[in-house]
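What follows is one structure encoded as structure tokens, with my remarks underneath.
Please treat every number below as a calculation from the coordinates, not as lab data. All values derive from a computational prediction rather than experimental measurement. Here the Cβ is made from the backbone with ideal geometry for all residues, glycine too, and neighbour counts use every protein chain on show.
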Amino acid sequence: MPKKIILVRHGETDHNKSKRLMNWANDVGSLTEKGREEANQVGARLKNYDIDAVYVSDLKRTRETAVEIAKHIKVEQKLAYGIKERNLGIFGDLTFDEIKDKWPEKFEKFMDHKDKDWNGFEGESIRDVCNRFEIFFNVLHSDHIDQTVLLVTHSGILYTVLRDYFGFLPEGTWLDVAHTSLTILEKVDDKYVMKTFNNVDDQT
């Protein structure tokens, strides 16, 4: 198993600025100028870590973030389905207010986060996300023994797996993880502890 896993959220996108959710079917989330600057800054920050492997969600915004990181971290990057953002189905391209107005009961259930099997929006349930991540995590476990691995991913899946797969965060809670923040898991006695969460302290 890796000795350290570093999770980084992508940089800001136009959809983030307008508070619109993004989806698999319409992968339009390009980084803003600020988002590219954020990605470049976190790439420079990551030079402080001896990174052995880099995995990147195959969505556009994470791939663009990884391009900026690659200017600083000269490690082969691999695309990974397992750290792709949660499939939001019919909620894609809508704001929370629009979802609440159109489907108030679905919105309430979506924001509850406690029913791991609920999927009333034609996307992925929380359990679907965790199962997908587990397949990917098993690959990390076998292929990167005692290495440091960087994952370039998304707020939704990042918080979901920390809460529901690893159990690091309280059940039913939610937080929009900051763009290009660092979350670091370290191996201690053959299990992981969360050493850093959502950290942007040394970024401007």
Checklist line | ³J(HN,Hα) computed for each position of the stretch 17-22 - Karplus, 6.51 cos²θ - 1.76 cosθ + 1.60, integer Hz, glycine/proline x | finding: 4, 8, 6, 9, 6, 10
Margin query: Quick one: 3J(HN,Hα) in Hz for the stretch 74-87, Karplus 6.51/-1.76/1.60 with θ = phi - 60°, rounded, Gly and Pro as x.
Written below: 8, 10, 4, 9, 10, 6, 9, 5, x, 10, 5, 4, 4, 6
Checklist line | Peptides ranked, highest mean first, by Cβ atoms within 10 Å: ranges 3-12, 161-170 | finding: 3-12, 161-170
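Which FRET efficiency value, to the nearest 0.05, do you get for TRP174 and GLU98 by plugging their Cβ-Cβ distance into 1/(1 + (r/R0)^6) with R0 = 22 Å? Display every interim value, and only then the final one.
Numbers: r = 18 Å, r/R0 = 0.83.
For R0 = 22 Å, the calculated efficiency reads 0.75.
For the chain, what is the relative contact order in percent, using Cα pairs closer than 8 Å and at least 6 residues apart in sequence?
Values: 391 pairs, mean separation 66.3, N = 204.
32 percent.
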Margin query: Within 10 Å of each candidate Cβ there may be at most 15 other Cβ atoms; applying that plus a DSSP loop requirement, which GluC sites (Glu not before Pro) in the stretch 102-204 survive?
Written below: GLU122, GLU171
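Report, for the chain, the % of DSSP beta bridges that are antiparallel, rounded to 5.
On the way: 13 of 26 bridges.
Beta bridges within the chain, antiparallel portion: roughly 50 percent.
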Notebook entry, point to check: From the phi of every residue in the stretch 170-185, what ³J(HN,Hα) in whole Hz does the Karplus formula 6.51 cos²θ - 1.76 cosθ + 1.60 yield, where θ is phi - 60° and glycine or proline is x?
Noted result: x, 4, x, 8, 8, 8, 7, 5, 5, 4, 6, 6, 9, 10, 10, 10
Next item on the list: Mind scanning LYS19/LYS116; LYS3/LYS106; LYS4/LYS106; LYS74/LYS187; LYS60/LYS102 and naming the pairs with a C-alpha gap bigger than 31 Å?
Entry: LYS3/LYS106; LYS4/LYS106
Next item on the list: Could you tell me which of PHE133, GLN77, PHE91 has its Cα farthest along the dipole of the chain towards the positive end, charges placed at Cβ (Lys, Arg +1; Asp, Glu -1), taken about the Cα centre?
Entry: GLN77
Next item on the list: Could you work out how far helix 33-46 tilts from the main Cα principal axis of the chain, as a 0 to 90 degree angle to the nearest 10?
Entry: 40
Item checked: Two-decimal Rg/Rh across the stretch 4-199, once Rg and the Kirkwood Rh are taken from alpha-carbon atoms -> 0.95
